[in-house]
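Heads up: the structure comes next, in structure tokens.
The values are calculated or read from the model by the stated rules, or taken from the named source; none is laboratory data. Given the structure is predicted, the values throughout are model-derived calculations rather than measurements. Positions of Cβ are generated from backbone atoms using ideal geometry, with glycine treated the same way; all protein chains shown enter the neighbour counts.
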Amino acid sequence: MEIRKPIMDKGRLKKSSFEEGSVLYLDNSLLDGAPFDSENIDEINISTSIIHNLSLQSSLVEDMKSIDSVFTGASFAGAVFHQVYWERIVIDKSRFQGTQLMRCFARDVVIERSKGNDLSLRFAKIKNMLFFDCDLENADFAGAEMENVVFKNCNLKNSQFSHAKLNNVNFKESIIEGIAISKDSFGNITVNTGQAIYLASTLGLHIED
């Protein structure tokens, strides 16, 4: 699987400052330290930018669109997003505990070295996405449409995939004990031998030699 990287010319990025308000718009920007203290945010539009330490913790965000951008040290913990569009995004060392990203659209996205316990991507549409070294215990992917998605070195204990559409989804290098998955979710899934035996048992399949 090939994930397209953010397209940007780092030499053209300009340092930006954070301004309070219900709208955040950044283009070709370099921003370090952005505590968005507003509880209700109408719109976030970020393109071709590098953002360090963005905090949207416990915020209600009506609409977020981000293309060709990198986020490091962000906190989305407890935030609720009503509409999200992410394309060619890298998110590193960030917090997603309890974040609600239901029905979001994400394509060519990498989330790495991040904490996402109780993250909800219920009914999301996800294509070409890598979760690397992430804690996703109790995460909710129920009803999501997932194509070309890799979970590498992730904790997926007790995560929810019921009624998700899984097309070319790779679990083989992650922990999946307690995962909830339904028969209608099985498409093209890659697992290791131990995971195959575990998933078979959860579906009531008895293996005998």
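For segment 124-173, which residues satisfy the criterion of being in contact with a Leu (Cβ under 8 Å, 6 or more places away or on another chain), closer than 20 Å to GLY194 by Cβ and without any contact (Cβ under 8 Å) to a residue 40 or more places away in the chain? Spell out the reasoning first.
If we filter segment 124-173 for residues that are in contact with a Leu (Cβ under 8 Å, 6 or more places away or on another chain), which is where we start, we get 124, 136-137, 139-141, 144, 146, 149-152, 154-156, 159, 171.
So of that shortlist, the ones also closer than 20 Å to GLY194 by Cβ come out as 136-137, 150-152, 154-156, 159, 171.
Selection gives LEU136, GLU137, PHE151, LYS152, CYS154, ASN155, LEU156, SER159, PHE171.
Selection over segment 119-134 of residues that are closer than 15 Å to LEU166 by Cα and in a loop (DSSP other than H, G, I, E, B) gives a count of 4. Against the definition (crowded, with 19+ Cβ neighbours inside 10 Å, in contact (Cβ under 8 Å) with a residue 40 or more places away in the chain, within 27 Å of ASN138 (Cα to Cα) and not aromatic (Phe, Trp, Tyr)), how does ILE89 come out, yes or no? Criteria met by ILE89.
Against the numbered list (1) crowded, with 22+ Cβ neighbours inside 10 Å; (2) without any contact (Cβ under 8 Å) to a residue 60 or more places away in the chain, ARG113 comes up short only at (1). Checking each residue in segment 161-186 for being of a type in the set (Val, Ile, Thr), within 18 Å of the chain's Cα centre (by Cα) and not in a strand (DSSP E or B) picks out ILE176, ILE179. Taking segment 46-118 as the region of interest, the strands (runs of 3 or more DSSP E) fully inside it that hold 1 or more residues being closer than 20 Å to ASN148 by Cβ are 64-72, 84-92, 105-112. Residues in segment 96-123 that are within 10 Å of the chain's Cα centre (by Cα) and among the aliphatic types (A, V, I, L, M) were compared, and the one that is nearest to VAL80 (Cα to Cα) is LEU101.
Of all residues in segment 1-57, those that are at positive phi, at pLDDT 95 or above and under 22 Å from the mean Cα position of the chain (by Cα) total 1.
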